[in-house]
Each structure stands twice: as C-alpha cells, then as structure tokens.
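Okay, so here's the structure we're looking at.
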Amino acid sequence: MARNNSRRKTDKRKGAAKKIEPLKVPIKKISYLVVFAAAILGSVFFLRNSHYFKLDKIEIIDRNQAAKIDNSGLLSMYKGRNIFDIDIASLASRIKHNYPVIKEVAVNRVLPNKLRITVVPRMPVAKIKSYGYFPIDREGMVLSPEIKSHKLPVIEGFSMWLKPRPGQLLESRDLESAFFLIDALKESPVSANYGVSTIDISSPMNISFYLENGIEVKIGGENFPDRLKTLESTLKNPKLDKENIKYIDLRFKDIVIGPK
C-alpha cells in the first residue's frame with residue numbers, strides 16, 4: 001500500500017510539473033482571409049455601383065429576322081441599370097412569352113455595358129389552309145404569314161371555327177398525324193425527288209398527300225416510313241407511266257395504282 005501511495009504522489013508531481021502551452025492563433029492565415037474577403041466585397045461593391053457597368057446597348061442576334069424584337073423598347077426599360085442587377089433569366093422568359101415565334105432565347109452580359117440577346121426562331125414545316133394559309137412549326141405554333149413558306153406542303157382538312165392567329169398553339173391528334181408524316185417524308189427521298197404539295201388529313205386513318213406532279217398517294221394512318229419505302233421503289237420503276245397515274249394506294253399489302 002505504501003508503494004502505491006508513493007507512485008500516486010509521484011504521478012501528481014509530474015502532472016503538476018507540466019506547463020500549459022498557450023493557444024497558437026494563425027494570425028497570418030486569418031489576415032489573409034480578412035484581406036481576401038475585403039477584396040471580394042470591394043469587387044462586388046465596385047461591380048454593383050460603378051457607372052462603368054450601366055447598360056447602354058442591347059444587341060439582338062436574330063439571323064432570320066423572324067422575331068422582330070423591339071430593341072428600342074427593351075433598351076428604354078433597362079438603360080442605365082447595372083448589368084449585374086438585371087435578372088437575365090427572367091428577361092429571357094419574358095421575351096419568349098411576348099414573342100411566341102421564338103423557340104429558344106439566351107441573354108448574356110457583355111462587359112462592360114451591353115446585353116446580347118440571341119434568339120432561335122421557330123421554323124415552319126408546313127402551312128395550314130384555314131381562312132387563308134398560315135405557316136406552322138413542328139409543335140403546331142402558328143407563325144406569321146410573312147415568313148417564307150412557299151415550298152412547304154399545305155395541310156388540308158383541318159377545320160377551325162376562327163381564323164388562326166400568329167402565336168396560337170394548335171393541338172390536334174389529326175394535326176399530329178400530319179407531323180408524323182412530315183417527319184417520315186424528311187427521311188425519305190420521295191420528298192426531295194418528287195416534292196409534296198398537299199397533305200389531306202380530313203380522314204385521319206386515310207391520310208393522303210399529293211406529289212408536285214399531281215399524283216395522289218393514299219398512305220393511311222400508320223407505318224409511314226415503310227410505306228414511303230414502297231412508294232420510292234414503285235416510282236423508280238422505269239416502266240411506270242407517271243403522267244397517266246391518278247393515285248397510288250399504299251394502304252394494302254398489294255399496291256393499287258389508279259389510272260387517270
């Protein structure tokens with residue numbers, strides 16, 4: 001017991017003999033962080049408050065001039081504002097909403113004092129015949145009649161109570177069938193070699209289209225790619241007298257060719 005007590009006393013003396021080291025503060029590192037933070041805050045203050053970054057110009061890139069964005073109107077709304085205070089995402093959404101003929105829009109800041117607006121217009125794939133002729137894109141958006149569309153096929157048989165207006169979205173299963181046919185025609189040599197003037201969707205399950213030489217092609221409502229391949233091989237037949245053909249019916253297993 002005596003020995004144990006003596007050991008405890010010795011341990012206490014050793015512990016008491018240890019010196020408590022002072023806490024080392026990394027003053028240099030903290031100084032660097034303070035300077036770095038001050039530099040960032042100073043830069044932000046400069047960017048937000050310097051007249052050097054006040055908006056003075058808006059550049060609109062619209063290669064087809066389809067959107068016809070009011071540049072002067074936009075500039076009057078934002079001129080003099082700091083370009084870093086302008087919510088460019090919100091501006092892009094507003095432009096897209098106000099100009100339905102635009103498919104995509106991007107707004108970027110160009111230092112020191114300019115915004116660049118790049119638009120991708122909707123491209124027409126056909127025209128609808130209803131109270132005149134109106135170009136429409138693949139999604140069914142009615143575009144301005146001023147857009148060049150004289151080489152596009154005309155979709156007939158799509159009835160509307162009111163005259164279409166640019167920016168109106170047309171939603172119809174019948175119209176979607178016409179779009180599927182247009183997609184297939186783009187992948188087929190038939191369109192490039194013979195041209196398609198009209199697509200008739202008055203009977204959705206018995207869709208037909210007319211080649212530029214006047215031949216009616218009855219393609220039905222399904223299997224467009226396969227039936228177009230059959231049409232292509234049929235039209236390539238040198239023995240086929242195209243001038244005396246009224247229609248080609250692809251809806252059945254055996255092709256039916258109707259004479260004039």
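Would you please name the residue that is modelled with the highest pLDDT, looking only at residues in the range 73-94 that are exposed (fewer than 12 other Cβ atoms within 10 Å of the Cβ) and polar (S, T, N, Q)? My answer is Ser90. Restricted to the range 115-132, and to residues there that are at pLDDT 90 or above and closer than 18 Å to Ser172 by Cβ, the residue that is nearest to the chain's Cα centre (by Cα) is Arg122. The one condition from (1) outside the structural domain of Gly167 (by TED's automatic domain parsing); (2) loosely packed, with under 15 Cβ neighbours inside 10 Å that Leu115 does not meet is (2). Restricting to the range 52-66, and then to whatever is surrounded by 13 or more Cβ atoms within 10 Å (Cβ to Cβ) and more than 25 Å from Lys148 (Cβ to Cβ), can you tell me which residue is modelled with the lowest pLDDT? Ranking the qualifying residues of the range 52-66, first place goes to Phe53.
Taking the numbered list (1) within 21 Å of the chain's Cα centre (by Cα); (2) under 30 Å from His51 (Cα atoms) in turn, Gly140 passes all entries but (2).
Of everything in the range 111-140, what is without any contact (Cβ under 8 Å) to a residue 60 or more places away in the chain, closer than 20 Å to Asp70 by Cβ and assigned to a strand (DSSP E or B)? Give them in sequence order. Even if it seems obvious, please write down each step before you answer.
Of all residues in the range 111-140, those without any contact (Cβ under 8 Å) to a residue 60 or more places away in the chain come to 111, 114, 116-125, 127-140.
After this cut, where a residue has to be closer than 20 Å to Asp70 by Cβ as well, the list is 114, 116-122.
Of everything in the range 111-140, those that are without any contact (Cβ under 8 Å) to a residue 60 or more places away in the chain, closer than 20 Å to Asp70 by Cβ and assigned to a strand (DSSP E or B) turn out to be Lys114, Arg116, Ile117, Thr118, Val119, Val120, Pro121.
Taking (1) within 30 Å of Val142 (Cα to Cα); (2) modelled with pLDDT of 90 or more in turn, Ile69 satisfies each apart from (2).
Residue selection: Ile255 fails the criterion of being β-branched (Val, Ile, Thr) and either in contact (Cβ under 8 Å) with a residue 60 or more places away in the chain or in contact with a strand residue (DSSP E or B) (Cβ under 6 Å, 6 or more places away or on another chain) (or both).
Condition check ((1) of a type outside the set (Ser, Thr, Tyr); (2) in the same structural domain as Met141 (by TED's automatic domain parsing); (3) at pLDDT below 95) across all residues:
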site: Phe180; (1), (2), (3): yes, yes, no
site: Thr198; (1), (2), (3): no, yes, no
site: Ile219; (1), (2), (3): yes, yes, no
site: Glu222; (1), (2), (3): yes, yes, yes
site: Arg227; (1), (2), (3): yes, yes, no
site: Asp249; (1), (2), (3): yes, yes, no
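Is it true that some residue in the range 96-103 is touching a Ser or Thr at 6+ places or on another chain (Cβ under 9 Å), surrounded by 15 or more Cβ atoms within 10 Å (Cβ to Cβ) and either in a helix (DSSP H, G or I) or modelled with pLDDT of 90 or more (or both)? Checking the range 96-103: not a single residue is touching a Ser or Thr at 6+ places or on another chain (Cβ under 9 Å), surrounded by 15 or more Cβ atoms within 10 Å (Cβ to Cβ) and either in a helix (DSSP H, G or I) or modelled with pLDDT of 90 or more (or both). Taken over the range 145-157, residues that are surrounded by fewer than 17 Cβ atoms within 10 Å (Cβ to Cβ) and within 10 Å of Pro124 (Cα to Cα) amount to 1.
The values are calculated or read from the model by the stated rules, or taken from the named source; none is laboratory data. Just so you know, these numbers come straight off a predicted model, no measurement behind them. Ideal geometry is used to build each Cβ from the backbone, glycine not excepted, and the neighbour counts take in all protein chains shown.
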